[in-house]
1. Considering every pair of different Cα atoms, what Kirkwood radius, in Å, is found for the stretch 1-133?
2. Between residue 6 and residue 31, what is the label-to-label distance in nm when each label sits 7 Å out along the Cα-to-Cβ direction?
3. Can you tell me, using C-alpha contacts under 8 Å and at least 6 residues apart, the relative contact order of the chain as a whole percent?
4. Given a Förster radius of 35 Å and the C-beta distance between residue 48 and residue 166 as r, what FRET efficiency does 1/(1 + (r/R0)^6) yield to the nearest 0.05?
5. Please pull out the direction-averaged projected area of the stretch 57-180, using the convex hull of its alpha-carbon atoms, in nm² to one decimal place.
6. How long are the semi-axes of the equivalent ellipsoid of the stretch 95-146, defined as square roots of 5 times the Cα gyration tensor eigenvalues? Whole Å, largest first.
7. Which percent, to the nearest 5, of DSSP beta bridges fully inside the stretch 1-135 are antiparallel?
8. Provide the packing ranking of 31-44, 118-131, 77-90, i.e. peptides ordered by the mean count of other C-beta atoms within 10 Å per residue, highest first.
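Coordinate-derived values only; no laboratory data. Since the model is a prediction, treat every value here as computed from it, not as a measurement. Every residue, glycine among them, receives a Cβ derived from its backbone with ideal geometry; neighbour counts consider all protein chains shown.
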């Protein structure tokens with residue numbers, strides 16, 4: 001794997017990123033079982049998701065963008081991916097647990113950006129009242145499993161055949177990371 005994170009800037013997401021964030025997410029909706037959304041979502045439908053992840057607090061949304069000279073065919077400032085933390089469940093007793101995820105633009109995979117984003121996310125969460133982080137990883141997905149294990153997540157269970165997409169049932173491995 002080539003690691004080319006030089007010239008990449010990590011920052012909190014802004015309202016102006018919503019179109020690019022939605023485009024990245026919709027790639028996975030349409031082409032992969034990574035997310036169990038079946039139909040592409042609109043930027044308007046994702047607005048509340050972005051707004052629920054401010055620059056401070058437990059629930060964050062960080063983006064990686066080309067910060068310097070862009071590669072051929074790319075623009076400086078183009079969003080390459082994002083990492084987020086959000087509510088694990090909607091009951092109050094779960095408030096110190098978060099669910100995390102990383103999504104990369106298809107052309108930005110294999111560069112070490114997922115690790116760069118997750119590292120930045122866990123750095124900002126270190127100062128928050130977060131006890132545990134959880135991630136659900138549709139199987140098979142060896143790259144995502146390696147990334148999560150690298151960041152100290154450990155397997156806690158598998159929901160077998162929990163989602164149906166593309167005419168198949170998919171398992172989801174659940175991973176846990178202790179924080180505070």
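1. Hydrodynamic radius (Kirkwood, Cα only) of the stretch 1-133 equals 15.4 Å.
2. For residue 6 paired with residue 31, the spin-label model returns 2.7 nm.
3. Answer for the chain is 20 percent.
4. The calculated FRET efficiency here is 0.80.
5. 9.0 nm²
6. 22, 15, 8
7. 85 percent
8. Highest to lowest by the protection proxy: 77-90, 118-131, 31-44.
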